[in-house]
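Engineer: Sharing a structure, written as structure tokens. Questions coming.
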Amino acid sequence: ISFPEDELLKSMERVVAEQGPNAFQYSSTAGIDELRQWVADRYNKRFGTDYVLDDVLITTGSQQILDLLGKVLLDKGDEVLIPTPCFGSYFDQVALAGGVPVAVPTREEESFRVTMQALEAAVTPRTKALVINTPNNPTGVCYSRPTLEAVARFARKNDLLVVADDIYTSFCYSEPFLPVLTLPGMKERTVAINSFSKNFVMTGFRVGNIVAPEPIARAVKSINDSVVYSAPAP
């Protein structure tokens, strides 16, 4: 594809005229404040939460968040429970961070919803976190409120952090999407991952975000400063 140099310059000039001289500069390493506030406000309006700017971090897609979280949360040998079938990268990202991924099988006859029996059979004293992906890739299951309430009780009982991969929030059709972080006692132990890739069909922009307890968000930002620095500014 030919893109004449003068046309490229004209396009850049238009962007600068519309967005100002910082349009092609690095953004803040935590993300542009207006976007971070928009994410917080969106959660608060939709789900009745009370997130603030410092609870939100913008990253280069949601997959990068999973990698950063492994570095922040896991010590060598820490275990992470992962209901399967699942997005294949979960296992690699936990292992790359020095953790131990533990498969928790789900069954078609139970609509691929994780059961408490399966979780109880998998948990050990080394278990640090539980990954929940709803709506799920690849099964498509959207966890019901009773399932999420059981997950929340399990997490509180075993003092686990829940990593909620919520990137398909617009793909619940039988009932409204319910984030596990809205359940009692879960906001302080849940890191919610989201992305603009799926809900807004912006895969190539590589922009994602987390909402998390502020100390976790701050730690993720600290590591990201030396990894990617900032999400794509445009």
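Engineer: Which residues, counting only those in region 193-225, are open to solvent by 60 Å² or more (accessible area, probe 1.4 Å), at pLDDT 85 or above and part of a loop (DSSP other than H, G, I, E, B)?
Structural biologist: Listed by number, the list holds a single entry, R206.
Engineer: Which of (1) within 13 Å of the chain's Cα centre (by Cα); (2) part of a loop (DSSP other than H, G, I, E, B) is the odd one out, the single condition V39 does not satisfy?
Structural biologist: In the conditions (1) within 13 Å of the chain's Cα centre (by Cα); (2) part of a loop (DSSP other than H, G, I, E, B), V39 misses (2) alone.
Engineer: Follow-up. Tally up the residues in region 29-71 that are open to solvent by less than 10 Å² (accessible area, probe 1.4 Å) and among the aliphatic types (A, V, I, L, M), please.
Structural biologist: 9
Engineer: Additional query: Given (1) under 17 Å from R113 (Cβ atoms); (2) touching a residue at least 24 places away in the same chain (Cβ under 8 Å); (3) not in a strand (DSSP E or B), identify the lone condition not met by I132.
Structural biologist: With respect to (1) under 17 Å from R113 (Cβ atoms); (2) touching a residue at least 24 places away in the same chain (Cβ under 8 Å); (3) not in a strand (DSSP E or B), I132 is out only on (3).
Engineer: Turning to a different aspect of this structure: Select from region 102-124 the residues that are small (G, A, S) and either in a loop (DSSP other than H, G, I, E, B) or surrounded by fewer than 13 Cβ atoms within 10 Å (Cβ to Cβ) (or both) and write down the one among them that is modelled with the highest pLDDT.
Structural biologist: A121
Engineer: Now for a separate question. Go through (1) within 18 Å of F205 (Cα to Cα); (2) at pLDDT below 90 and name the single condition V39 misses.
Structural biologist: (2)
Engineer: Taking K157, is it in contact (Cβ under 8 Å) with a residue 24 or more places away in the chain, open to solvent by 60 Å² or more (accessible area, probe 1.4 Å) and within 20 Å of L73 (Cα to Cα)? Steps first, please.
Structural biologist: On the way: in contact (Cβ under 8 Å) with a residue 24 or more places away in the chain: no; open to solvent by 60 Å² or more (accessible area, probe 1.4 Å): yes; within 20 Å of L73 (Cα to Cα): yes.
Answer is no for this residue.
The values are calculated or read from the model by the stated rules, or taken from the named source; none is laboratory data. Everything quoted here is computed from the prediction, not taken from an experiment. Cβ: placed from backbone, ideal geometry, glycine included. Neighbour counts: every protein chain shown. To get the accessible areas, we keep the full protein, side chains included, count just its heavy atoms, and leave off ligands, DNA and RNA. Shrake-Rupley method; radii C 1.70, N 1.55, O 1.52, S 1.80 Å.
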